[in-house]
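Just below is one structure, and these are the notes that go with it.
The values are calculated or read from the model by the stated rules, or taken from the named source; none is laboratory data. Just so we're clear, the structure is a prediction, and the values are computed from it rather than from any experiment. With ideal geometry, Cβ positions are generated from the backbone for all residues, glycine too; neighbour counts draw on all protein chains shown. Side chains are part of the model used for accessible areas, which takes the heavy atoms of the whole protein and leaves out ligands, DNA and RNA. Shrake-Rupley method; radii C 1.70, N 1.55, O 1.52, S 1.80 Å.
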Amino acid sequence: MLNYSMLYPKTTVSRRAVSMDGMWKFHLDAMEIGEKEGWTEGLPGEERIPVPASFQDFYTEKDIREYAGDLWYEKDVFVPGEWEGKQILVRFGAATHRASVYVNGLKITEHEGGFLPFCADVTEIVRYNAHNKVVVKVNNELTVTNIPCGETITLSNGKKMAKPYFDFFNYSGLQRSVYLMAVPKESVFDIDLDYELCGDDAKVSYEIKTTGEHPVQLTLLDAEGNKTAEAEGKKGVLNVRNARLWNVHDAYLYRLVIRIMDENEVIDEYEEEIGIRTVEVQGTKILLNGKPIYLKGFGKHEDSDVVGRGFNIGVMKRDFELMKWIGANSLRTSHYPYSEEIYQMADREGFLIIDEVPAVGLFASLMNFMEASTGKKTAFFEKETTPILLQAHLKAVEEMIARDKNHPSVIAWSLLNEPDTSSKAAVPYFKEVFEKAHELDVQKRPRTFALIMNSVPGVCQCYQFSDIIALNRYYGWYVKGGYELVDAEELFRKEMDAWKDLNLDKPFIFTEYGADTLGEEHKLPSVMWSQEYQKEYLEMTNKVFDSYDFIKGEQIWNFADFQTTEGILRVNGNKKGVFTRQRQPKDAAYLLKKRWEELPLDYKG
Ligand code: GCB
């Protein structure tokens, strides 16, 4: 069990949450002298950068953009005297990829993994009615013992450099919000919810974990604030008459108020917005509230100009507007769990999320996503370090599920992206990861992973673990592109026929397909990289999708152009976006809009 609560920071009658976002002092530490020089008590210099943000794209020096190593942050925070007696926490939405937290010079905690929250409990050392110094040492080096996987090399000039085994820039730092929190010593720690529909009514079974023994009361309010159901006890059922269900683009949210009571006094109060809905896989169908759905949407990235992977509330809003405009209903949080605010928005807007743990780069090659097309055999899971990686992976699965399980938008867990499944060594690894997710999720949501190009019938040893088979396929791009598109279609159909012959009786979705396209490039007749080719490519893939009944979703790669490591395969980033990085449509966006607006939600149902 995690030693801190994953509940989102909120102010209620018993709790306080104060944002620490803003300008933080900042210092790189290439020589790793921070601790020795006493930076844990305060940083030298006057350099400041915004939090939340990636640090890389603010500066004009390449040595900073490409920096790999320790980076230090510092901020003073005033802790009010009236908070005395509560538990005082500093909560980081994420620190990429690992961090040590020092408060008033003392090391409080450390955390490994760059895309999930953690708390530093400073109750014992905090100074009330005074400023307290929060110092964080972040490290952004890549390894094969943590996810996402990669290496850190040293150049001949002594500078370190990140070598990701994945196709996105190694943006890092404090990329999500930081909160100072005061929580009662006896508090709500965790909430589990499960739903059952009974005619017009619904049963919401719940289990509340608290840090004490006092009784718990629950009240369910409808969107207008009317009391809809009540229950007492840490475990039980809320009966909802005439339940309004949470549906795609028709997202009804109830408010669940949880109180720990001492007679008539409230010890702690926490409130969660919930949506009543069920998700299951039945044969080749994906069912939401018992009705078949077809996924239309995107693999995305948290990625935008200037702030990099930093949470940007404006970009989030624009992205949801574009997804609505184009007729999408879903997204995969490729290749890491996104900022919590994005799930809250999806809950409100009625978007479906496949939530992905940062398990990307689990393939023994520097450019794993390229090696896919060569069919080269590697055995990533046979490394000596695999057991260490597995522990980090399981911990990330636990943190992700604890954080995201109560979002109605989250309908599935993606437990890996494009791992090496060609050797038997992958099987026990997969077994542990998939079983862990099942054990931790009371809703038993479908689990999946995105299969790389060479994970095909006869090669892939692990697809049987997936409740939904998710394919990343690039026929017409990495395989037989351009004038050979006709042969790409042949190969594509051959693969789909092979899957069909296996009779798996499971839904298939495409979690990636796409063609790099330069927003400014037009050519008639088409060439690869032109907007004309992106359209031809999509016409071909759409035809294939429509030919197989067991294909129940299409999430194109990618929503928008995004930054990657520089290299001969990337023109200042990956250009497979349907939108540019500035969130303007390429021509293909209109083609997809027409298709997705016409395809009913229960397409092939
Ligand atoms: C993939 C990866 C994704 C890459 C994409 C591409 O298979 O999952 O991270 O960006 O291919 O464009 O090559």
Restricting to region 448-463, name every residue that is open to solvent by less than 10 Å² (accessible area, probe 1.4 Å), farther than 20 Å from H438 by Cα and in contact (Cβ under 8 Å) with a residue 60 or more places away in the chain.
I452
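Does I64 satisfy being farther than 21 Å from S339 by Cβ, assigned to a strand (DSSP E or B) and either open to solvent by 10 Å² or more (accessible area, probe 1.4 Å) or in contact (Cβ under 8 Å) with a residue 12 or more places away in the chain (or both)?
No.
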Across region 514-527, what is the total count of residues that are touching a strand residue (DSSP E or B) at 6+ places or on another chain (Cβ under 9 Å) and more than 18 Å from P585 (Cβ to Cβ)?
1
Does at least one position in region 417-432 carry a residue that is touching a residue at least 60 places away in the same chain (Cβ under 8 Å), outside any strand (DSSP E or B), under 18 Å from the mean Cα position of the chain (by Cα) and crowded, with 24+ Cβ neighbours inside 10 Å?
yes
Residue that is nearest to the ligand (Cβ to nearest atom) [pool: residues in region 471-524 that are in contact (Cβ under 8 Å) with a residue 12 or more places away in the chain and polar (S, T, N, Q)]:
N472
Somewhere in region 526-537, is a residue within 30 Å of G283 (Cα to Cα), open to solvent by less than 10 Å² (accessible area, probe 1.4 Å), without any contact (Cβ under 8 Å) to a residue 60 or more places away in the chain and within 16 Å of the ligand (Cβ to nearest atom)?
no
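Do the conditions hold for E263, that is, is it open to solvent by 20 Å² or more (accessible area, probe 1.4 Å) and farther than 23 Å from H407 by Cβ?
When the stated conditions are applied, E263 passes them.
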Flag for E37 being without any contact (Cβ under 8 Å) to a residue 12 or more places away in the chain, open to solvent by 20 Å² or more (accessible area, probe 1.4 Å), of a type in the set (D, E, K, R) and under 25 Å from H131 (Cβ atoms)
yes
Can you find, within region 6-20, the residue that is nearest to G114 (Cα to Cα) among those that are open to solvent by 20 Å² or more (accessible area, probe 1.4 Å) and in contact with a Leu (Cβ under 9 Å, 6 or more places away or on another chain)?
S19
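Among the listed residues H407, H393, which satisfies the condition of being outside any strand (DSSP E or B) and under 30 Å from N247 (Cα atoms)?
H407
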Every residue in region 158-217 that is assigned to a loop (DSSP other than H, G, I, E, B), within 30 Å of G81 (Cα to Cα) and in contact (Cβ under 8 Å) with a residue 60 or more places away in the chain, please.
L174, Q175, R176, S177, P184, K185, E186, S187
Could you please find all residues in region 322-361 being of a type outside the set (A, V, I, L, M, F, W, C), out of contact with any Asp or Glu (no Cβ under 9 Å at 6 or more places or on another chain) and assigned to a strand (DSSP E or B)?
S330, E356
Return a yes/no flag: does region 553-560 have any residue that is buried (at least 20 other Cβ atoms within 10 Å of the Cβ), in contact with a helix residue (DSSP H, G or I) (Cβ under 9 Å, 6 or more places away or on another chain) and of a type in the set (D, E).
yes
Would you be able to say whether some residue in region 153-166 is of a type in the set (S, T, Y), surrounded by 15 or more Cβ atoms within 10 Å (Cβ to Cβ) and away from the ligand (no atom under 16 Å from the Cβ)?
no
Say whether the condition of being under 23 Å from Y8 (Cα atoms) and among the hydrophobic types (A, V, I, L, M, F, W, C) is met by at least one residue in region 283-298.
no
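Rundown of residues vs (1) hydroxyl-bearing (S, T, Y); (2) more than 16 Å from V178 (Cβ to Cβ); (3) within 30 Å of the chain's Cα centre (by Cα), yes/no style:
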{"position": "E47", "(1), (2), (3)": "no, yes, no"}
{"position": "P50", "(1), (2), (3)": "no, no, yes"}
{"position": "D63", "(1), (2), (3)": "no, yes, yes"}
{"position": "V77", "(1), (2), (3)": "no, no, yes"}
{"position": "A120", "(1), (2), (3)": "no, no, yes"}
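Within region 84-119, can you find the residues that are over 23 Å from R309 (Cα atoms) and either among the hydroxyl-bearing types (S, T, Y) or assigned to a strand (DSSP E or B) (or both)?
Of everything in region 84-119, those that are over 23 Å from R309 (Cα atoms) and either among the hydroxyl-bearing types (S, T, Y) or assigned to a strand (DSSP E or B) (or both) turn out to be Q87, I88, L89, Y102, V103, L106, K107, I108, T109.
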Cβ-Cβ distance below 7 Å, separation of 6 or more or different chains: which pairs start in region 548-567 with a residue that is among the aromatic types (F, W, Y) and within 11 Å of the ligand (Cβ to nearest atom) and end on one that is in a loop (DSSP other than H, G, I, E, B) and open to solvent by 30 Å² or more (accessible area, probe 1.4 Å)?
F562/R581
Filtered residues of region 56-82 (kept if farther than 21 Å from A120 by Cα and touching a Phe, Trp or Tyr at 6+ places or on another chain (Cβ under 7 Å)):
Q56, R65
Collect the residues in region 198-227 that are touching a Phe, Trp or Tyr at 6+ places or on another chain (Cβ under 7 Å) and hydrophobic (A, V, I, L, M, F, W, C), keeping them in residue-number order.
A202, V204, L218, L220, L221, A223
In region 464-523, which residues are open to solvent by 40 Å² or more (accessible area, probe 1.4 Å) and of a type in the set (V, I, T)?
V486
Evaluation of W72 against (1) of a type outside the set (D, E, K, R); (2) touching a helix residue (DSSP H, G or I) at 6+ places or on another chain (Cβ under 7 Å); (3) in a loop (DSSP other than H, G, I, E, B); (4) open to solvent by less than 20 Å² (accessible area, probe 1.4 Å) (one fails), failing number:
(3)
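Does R277 satisfy being closer than 30 Å to A17 by Cα, among the charged types (D, E, K, R) and not in a strand (DSSP E or B)?
yes
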Check whether at least one residue in region 376-391 is closer than 27 Å to I274 by Cβ and either away from the ligand (no atom under 15 Å from the Cβ) or buried (at least 24 other Cβ atoms within 10 Å of the Cβ) (or both), and report yes or no.
no
Can you go through E439, E418 and tell me which one is within 14 Å of the ligand (Cβ to nearest atom) and closer than 28 Å to L287 by Cα?
E418
Quick test of your reading of the structure: Q582 fulfils all but one of (1) more than 23 Å from the chain's Cα centre (by Cα); (2) open to solvent by 30 Å² or more (accessible area, probe 1.4 Å); (3) more than 16 Å from the ligand (Cβ to nearest atom). Name the failing condition by number.
(1)
